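Quick notes on the structure that follows.
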Amino acid sequence: MFRTQSNLVLVDVVVRDHGKPVEGLKQTDFHVLEDGKLQPVTIFEEHKASDAQQVATAPVLPSHFTSDDPQYVLTSAANVVLLDALNTPLADQLYVRHRMLAFLKTIPPGTRVAVFTLASKLRMVQGFDTGPGALETALKAKQANPQVSPIIDPAFDQAMQTMTDIAQGAGASGSALQSMQQFQGDQQLFQMDLRIEITVNAMDELGRYLSTIPGRKNLVWFSGAFPPIVMGSGGQMGQSMAQSDYNEEVKKMNALLALARVSVYPVDVRGLMGTNNDLAEANPANPQLLNSVRSTPGGAGIGGQQTVSQRVEAQNAAFLVQNQAEHDLMKTVAKETGGEAFVNTNGVGEALGAAIANGSSYYTLGYAPDNRNYDGSFRTIEVQLPGSRADLAYRRGYYAISEAKQLQLMQGRMSPLIAAMQRGAPGLSQVLFKVRVLPGGDATVKGEATAGPAGAMAGSLQHPQRYVVDYWIGPKGLEMTKLPDGRTQVKVELTQVDFDREGIRLNYTDGAMEVDLTAANAARGMQDGVRLRQEIDVPEGESFLRIGVADMMSGRIGTVEIGVGTGNR
């Protein structure tokens, strides 16, 4: 769901019957209600997975050349894979990466997939790309390797539980047991609060990034345990909210994800769940633990005493209750955002394909709400398909916020060029061009680089490396103006932005150029492309150079992104 500055509400609706997409529906087939009141649908679009069709293969380019000429017509849905190490034990991370790598060959051509990881903070591993090969490379890269969660520590939790059980079995005093249990509870509460804080901040950052990319986004979130975050209007915050209040942060996050049209597909990477095998019954550190007893007023067992076996049973029962609560939360997150949850399944790799397929065929419905009071309140959305038994998935509401507030949340929406020049954003091909990027010391351009720093941030770089960027800009997408004296003129804006892997801007150049062409040069430009040059300094080490060409007359844009520096050679 996404509301534009014209107070338009867009709702992406996935319609499926027995697991298959329902195609060919008309605008009149749908009813849309806001807070129970029927709304007139003024925009209607159908999107199909089959819209991604292979076009002519891009020509093979010489070394150091890159082109924005696409090989596929892309579908409107973009897919984001989030590998959540923060909320996932290491062993489960290894399993999900193995399953995903085995599944990559089945991803349809033209599918846009970006990869992020979450540990102590959100990191981009791979921007949007159209091929499974790029995704496989990203998942094998060291940046996507499984990470130890900075918060979840199963070994410490197990040790604490074992100490408590041993103390209980040894007949420790009530005050000592209470202190140990209080410490364990405080530790778990602190961990939960920190998980929620980091996750909310990461989702806010991800929402801002995705808000600049048009169309629907499917967020496939691989996690071992969702922290208790409310993604929509219903549900309750976790008990840790007694210690920290994230209501406003979560509300802002929800609003941003709604504006960005993000549907969440949670995947429980733990697969089929039984009881918690890390409990005392599986602990080899104290093999006699099951035979010990602890004094418990009113407890089960002989003389009011409870055996550790009975304690284990109680813990297993509590674990299953907690697991069910986590699965219910995942399902709520999916329902409120228009996605689908994948729980109690060992096919976590296949879940990626199912999420992509589920979110590739959908309908976009748009309406201008009757209620013009944008006071920040939550408004419910209901989509009906009268006479049909098909399953509908869509966002169940949005926060009615002002246009000024929207612009604060969605940085970059004002300028399409700024949005297009983000690290890892989907490539654009409205203006076709090829570009050659060479180090300043390369024999081909040696001695041709200009003196002095190149780029607005070049002065802050240590050990900068100069790169010479040559453009060949084709006629497609360019508006060529005929001047009275017979010359032909084009106006373009050339932009280069250098990023580190995590999307932090390191340096940039930007310049508008008017190119006057004689009749002969105009003809040659129509065939070979308009030739231009820029230079930029990049820091020593790995970085990513994003290059854009914008036609200033038509507003059309083309972009490419390449790795530069010693880490990408």
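Numbers below:
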quantity	calculated
Whole-number D in µm² s⁻¹ for the range 351-480, Kirkwood Cα-pair radius fed into Stokes-Einstein, 20 °C, 1.002 mPa s	101 µm²/s
Cα-based radius of gyration of the range 525-565 once divided by 2.2 N^0.38 Å, which approximates compact folds	1.48
Within the accessible area of the range 357-402 (1.4 Å probe), percent carbon and sulfur	41 percent
Solvent-accessible area per residue, Å², over the range 350-484 with all protein chains present [probe radius 1.4 Å]	46 Å²
Rounded percent of accessible protein surface that carbon and sulfur make up, the range 422-500, 1.4 Å probe	51 percent
Per-residue SASA entry for R123, accessible area with 1.4 Å probe, Å² rounded to 10	70 Å²
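The values are calculated or read from the model by the stated rules, or taken from the named source; none is laboratory data. As the structure is a prediction and not an experimental result, all values here were calculated from the model. Side chains included, ligands, DNA and RNA excluded: accessible areas come from the protein's heavy atoms. Shrake-Rupley method; radii C 1.70, N 1.55, O 1.52, S 1.80 Å.
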